[in-house]
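Working notes for the structure below.
The values are calculated or read from the model by the stated rules, or taken from the named source; none is laboratory data. These numbers were taken from a predicted model, which means no experiment stands behind them. Here the Cβ positions follow ideal geometry from the backbone for every residue, glycine too, while neighbour counts run over all protein chains shown.
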Amino acid sequence: MQIQQMRYVLAAAEKKSFSAAAKALFLSQPSLSQQILHLEKELGVSLFVRHSKSVSLTEAGEQFVTAARRILNEVDQLTENIKKYSILEAGTLRIGMLWIAGYLQLPRVITDYHQLFPLISYQLHVEGSNTLMRMLAARQLNAVFVIASNDLSDSEDFYCHKIMEDHYVAVMSQANPLSGKDILRIRDLDGADILMPAKESAFRKDIEQVFARFQAVPNVLCETSQSDIVMQLAAQNLAVGFASRSIAEKLLVPGCRIVPLEVSLSRTIYYVTLKELLDTPAVRSFTDFVKSYPF
C-alpha cells in the first residue's frame with residue numbers, strides 16, 4: 001500500500017467518479033483506475049462499487065477512507081514538522097563550552113546566532129576540553145569549543161576551525177620573589193607552591209611534561225582551571241598560578257603580576273564538530289556562522 005494510492009481513493013470517494021478524481025489529480029482516468037484496482041487486489045476486498053457513470057464506497061471502502069484520511073493528515077503534519085528542521089525553524093543544538101568561555105566572549109556567538117534563528121533551542125554543557133571532546137565523540141554533543149596544544153585539523157572524524165591562539169604565562173603576587181624576573185625559568189618553580197590546572201584541562205599534560213623535562217618538582221597547593229580562583233589565590237601570594245595571557249590580562253587584580261615562561265606553551269581555541277554532523281541543517285548553519293564570526 002502506498003501513500004499516493006490512499007490519496008487516489010480519497011479523491012475518488014470525494015468526487016464519486018474516477019474520471020473526475022483523475023482530472024483533479026492531473027492523471028489519466030485509466031491510470032487512476034488501475035492504481036485503485038491494484039490496491040483492492042492487494043487488500044483482497046473492493047473499496048468501490050462501480051456504477052455506469054459514478055462510483056460509491058463499499059463498507060470496507062468507508063472504513064478505508066476514514067483511516068486513510070487520518071493517516072494522511074498525520075503524514076502531512078509530520079512532513080510540515082520535519083521541514084522546519086531544514087529551514088531552521090526547529091531543532092536543538094547541544095554545544096560544549098569551556099569553563100573560561102565567558103572570558104573569551106564565546107557565549108555571545110550563541111546569542112548572536114539565536115537572534116538570527118530564534119526557533120532553534122540550545123543545550124549548553126560546560127566542561128574541560130578533554131571531557132568535551134569525549135562527549136562529542138560519543139555523539140552527546142553537536143559541537144564544542146575547546147583548547148588544544150596540538151593541531152586538530154588533521155582528524156578524519158572531526159571538522160575543526162581555529163578561532164584564536166594565545167600563550168600561557170605565570171601569575172603571582174608582587175610579593176613573591178619570583179615576580180621580579182622578566183622571564184620565569186621552570187627550574188625556579190622546583191619546590192615552589194603552585195596552582196596546577198585541573199586534570200580535565202588540556203593544559204595539564206603540557207605543564208606536567210615541562211616540569212618533567214626540567215626535573216622540577218613543585219608543591220601542588222590546589223588543582224583548578226577556574227581562572228578567577230587562580231588569579232585570586234596568586235594575588236594573595238599563596239602560590240604561583242598559570243593562565244593564558246589574554247585571560248590573565250582581563251582578570252589581573254591589584255598586587256598580581258604576569259611573568260612570561262621560558263618555555264612557549266601555546267593555547268589554541270578550536271571550534272569542533274563531527275564531519276558527519278555537517279549534513280544536519282542546524283549544525284551546518286551554526287558551523288558556517290562560527291567560521292565567519294569576527295572573534
List the number of the failed condition for R139; all other conditions in (1) exposed (fewer than 14 other Cβ atoms within 10 Å of the Cβ); (2) free of Cβ contacts under 8 Å to residues at least 12 places away in the same chain hold. (2)
Look at region 85-126 and say how many of its residues are in contact with a Leu (Cβ under 8 Å, 6 or more places away or on another chain), over 16 Å from S285 (Cβ atoms) and part of a loop (DSSP other than H, G, I, E, B). 4
Looking only at residues that are within 13 Å of the chain's Cα centre (by Cα) and either surrounded by fewer than 18 Cβ atoms within 10 Å (Cβ to Cβ) or among the polar types (S, T, N, Q) (or both) in region 239-276, which one is farthest from I100 (Cα to Cα)? E276
Looking for something at pLDDT below 90, under 27 Å from the mean Cα position of the chain (by Cα) and outside any strand (DSSP E or B) - is there at least one such residue anywhere in region 140-148? no
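Assigned to a helix (DSSP H, G or I), farther than 30 Å from D206 by Cβ and free of Cβ contacts under 8 Å to residues at least 24 places away in the same chain: which single residue out of E42, E74 fits that description?
Step by step, each of E42, E74 is checked, and only E74 is assigned to a helix (DSSP H, G or I), farther than 30 Å from D206 by Cβ and free of Cβ contacts under 8 Å to residues at least 24 places away in the same chain.
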For region 11-28, state whether one or more residues are among the charged types (D, E, K, R), in contact (Cβ under 8 Å) with a residue 40 or more places away in the chain and surrounded by 15 or more Cβ atoms within 10 Å (Cβ to Cβ). yes
Tell me, please, whether a residue that is in a helix (DSSP H, G or I) and closer than 30 Å to V210 by Cβ can be found in region 250-264. yes
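Within region 172-190, work out how many residues are buried (at least 16 other Cβ atoms within 10 Å of the Cβ) and out of contact with any Ser or Thr (no Cβ under 9 Å at 6 or more places or on another chain).
The total comes to 7.
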Go through region 204-252 and give me each residue that's under 27 Å from I163 (Cα atoms) and among the β-branched types (V, I, T). I207, V210, T224, I229, V230, I247
For R284, indicate whether it is without any contact (Cβ under 8 Å) to a residue 40 or more places away in the chain, of a type in the set (K, R) and farther than 17 Å from V146 by Cα. yes
Would you confirm whether any residue within region 201-208 is in a loop (DSSP other than H, G, I, E, B) and surrounded by 14 or more Cβ atoms within 10 Å (Cβ to Cβ)? yes
